[in-house]
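Remarks on the structure that follows.
Bear in mind these aren't lab numbers, they're just calculated from the coordinates by the rules spelled out. All values reported here derive from a predicted model rather than from experimental measurement. Counting neighbours? That spans all protein chains shown, and the Cβs are built from the backbone with ideal geometry, glycine included.
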Amino acid sequence: MTQETRLSELLEVCAAGDSDLLEEKLATGRLDVINYKDPDWNERAPLHWCCIKGKSDMTRCLLEKGAHPGVRSSTGWTPAHFAAEGGRTHVLRTLHNFKAPMNRKDLYGDTPKRIAEIYGHKESTEFLVLAEAEYRERRRKAELCGDAEPYDDEDLDWCYRNNVTPEIFVSEDELAEINSTTTSVSGSLQSLQKSRHYPKASSRRGTPTSGRHSRSSTPLGGRRKSRRVSKTAKK
C-alpha cells in the first residue's frame, strides 16, 4: 500500500467520523501520514476533519498518537478554528487539555474565538475567552521552565510559506537572562565543589579539628586518615 493510499484512507475515515475504523487504522502502527494534508481540501489534515465532525474521541485518539495540535489548513485554520466554526465546545475542551494552541490567527487575522463569535456560538466563545488566556499563561510558563521548545506547537512550514511570524511567548532578552543566570549558577557550583575540603585529622584520633566540631561530628574522612597514620607509626 502506497503512502498516498494510506493518507487517502485515513482522511476518509476522519471525514466520515468513524471512530472504530480510525482506531483500527492507527493500530497498524503506520503513523507517517497522521499529519499529512489533503491538497484537494484546502490542506486539511485528519485532525481538522475530526474537529469538523465534532468527534472528541477521535480528536483525542489522533493527539495521543502524535498528531500536531497546531496543524494549519491553507488559510491558516488550526483544529481549534474548525471546532469553533461548528460550536464544538467539547472538542475545544479536548484540544485545550492536550495543550493545543487556542489563539492562532488565520490569514485574515481571525482567531478561533472570533470564528465562534461570527457563527453565534455563545458557549464556545465564552470557553475560548478563558482558554486563550490559560493557553498563553501555560505556554509562557512551559517555555520559561524549559518544558517546551519555542514554536513546537506551531505549523512552521505554513508560516514560512505564508510569510507569517510565529508568536513569541518569551522574549529574546528573557531567554538571554535565563541562560546567563543558568551559566552563573553552574559556574558557582563548580567553584564551590573545587574549593570544598574536609578539615585535616589531628594526630590524636577523635580530637575535634575546630571548636565547631565535637568528637561525634568529626568528618569520616578525617577519622580514616588518622587510622592510616596510626598504622604507619606502628610499623
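At a glance:
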read-out	value
Which numbered condition Asp20 misses (of (1) out of contact with any helix residue (DSSP H, G or I) (no Cβ under 9 Å at 6 or more places or on another chain); (2) not in a helix (DSSP H, G or I))	(2)
So Val33, is it surrounded by 21 or more Cβ atoms within 10 Å (Cβ to Cβ) and in contact with a helix residue (DSSP H, G or I) (Cβ under 6 Å, 6 or more places away or on another chain)	no
Matching entry among Pro101, Pro166, Pro150 (being surrounded by 14 or more Cβ atoms within 10 Å (Cβ to Cβ) and touching a residue at least 40 places away in the same chain (Cβ under 8 Å))	Pro101
Flag if Glu117 is touching a Gly at 6+ places or on another chain (Cβ under 9 Å) and of a type outside the set (A, V, I, L, M)	no
Checklist (1) buried (at least 17 other Cβ atoms within 10 Å of the Cβ); (2) within 25 Å of the chain's Cα centre (by Cα) applied to Gly87, failing item	(2)
